[in-house]
1. Classify segment 1-131 as rounded, prolate or oblate from the Cα gyration tensor: take a ≥ b ≥ c as the square roots of its eigenvalues, call it rounded if a/c is under 1.5, otherwise prolate when a/b beats b/c and oblate if not.
2. Got a sec? Charge dipole of segment 59-158, +1 on Cβ for Lys and Arg, -1 for Asp and Glu; which of Phe91, Phe101, Val124 is way out at the positive end?
3. Which ³J(HN,Hα) values in Hz, rounded to whole numbers, follow from the phi angles of segment 110-127 under the Karplus curve 6.51 cos²θ - 1.76 cosθ + 1.60, where θ = phi - 60° and Gly and Pro get x?
4. How do His59, His211 rank by accessible surface area computed with a 1.4 Å probe, from largest to smallest?
5. Using θ = phi - 60° and the Karplus form 6.51 cos²θ - 1.76 cosθ + 1.60, what ³J(HN,Hα) does each residue of segment 142-154 get, whole Hz, x for Gly and Pro?
6. With θ set to phi - 60° and the Karplus curve 6.51 cos²θ - 1.76 cosθ + 1.60, what are the ³J(HN,Hα) couplings of segment 90-100 in order, to the nearest whole Hz, using x for Gly and Pro?
7. Just to be sure I understand the model, the point goes 7 Å from the Cα along the line to the Cβ. What's the resulting Glu136 to Lys117 distance in nm?
8. Counting only residues 5 or more places away or on other chains, whose amide H sits under 5 Å from the amide H of Phe101 once H atoms are built in the peptide plane?
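The values are calculated or read from the model by the stated rules, or taken from the named source; none is laboratory data. What you are looking at is a predicted structure, and each value in this text was computed from that prediction instead of being measured. Backbone-built Cβ (ideal geometry, glycine too); neighbour counts: all protein chains shown. Please note that ligands, DNA and RNA were not included when accessible areas were found on the heavy atoms of the full protein model with its side chains. Shrake-Rupley method; radii C 1.70, N 1.55, O 1.52, S 1.80 Å.
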Amino acid sequence: VWKSYLNMICLYLKCFEGIPINKFKNSLEIGSGQGGGPYLLRKYFNVLETVGIDANRLHVLISNIKFKKDNVTYKRFNSDNFVQLNRKFDFVYSIEASTHFNDVNNFFVNVCKCLNKEGYFLYVDIFDVQNVNKIEDCITKKFIIQSKFDLTDGVLKSIENNIQQESKKSIITRIMSWFQKSDGMELDIGSELYSKMKEKKILYLKYLHLH
């Protein structure tokens, strides 16, 4: 379990590059899975208060069992109703979750409502290349895109290294078993998702936005 947690840390550290997390007083993860993200920010980045929300009742229960402590909170909300928290945050982030949201445009609107002025919004997921411009148009209606990174080649290399040396399993593959955010996306070589990523029909992108 702790080995998987260390791999999760590696993935999140990559996503958090370029963000002044130590300056944030609070944070919100949307689609927090089994809770590792908020715990990481509270314990290792000294964010004073961290909140994770997830639509899955079981995920919230597991998060509270594993990671709940002072100023680390997990609640059951989805991408449409998390504004009912009635809170503002310095840092809002979502990693590999938005493909399960009912309305991504409404999600961006809700993030904007929950984000403090000059707050940061991190958005990481897998995107169909044909939808990237549409997604970016939705984002720029509410946010300034500070940076955009294509992590696809790194994800593919991680998968391929996993096949070449089984003892060094892919960070992405292992993190999925830790978070269980979805019903499972097969990233193994030969899978449909892997093939589309290899052909650059699907991209693994990281966006960092300022309110």
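1. On the way: a/c = 1.23, a/b = 1.19, b/c = 1.03.
It comes out rounded by the Cα gyration axes.
2. So the residue furthest toward the plus end is Phe91.
3. Karplus values, whole Hz, x for Gly and Pro: 5, 4, 4, 5, 9, 9, 5, 4, 6, x, 10, 10, 9, 9, 10, 6, 9, 10.
4. In descending accessible area the options line up as His211, His59.
5. Coupling constants for segment 142-154: 10, 9, 9, 6, 6, 7, 9, 10, 8, 9, 4, 4, x Hz.
6. 6, 9, 10, 9, 9, 10, 6, 9, 5, 5, 9
7. Going from the Glu136 label point to the Lys117 one covers 3.0 nm.
8. Sorted by chain and number, the residues that satisfy this come to none at all.
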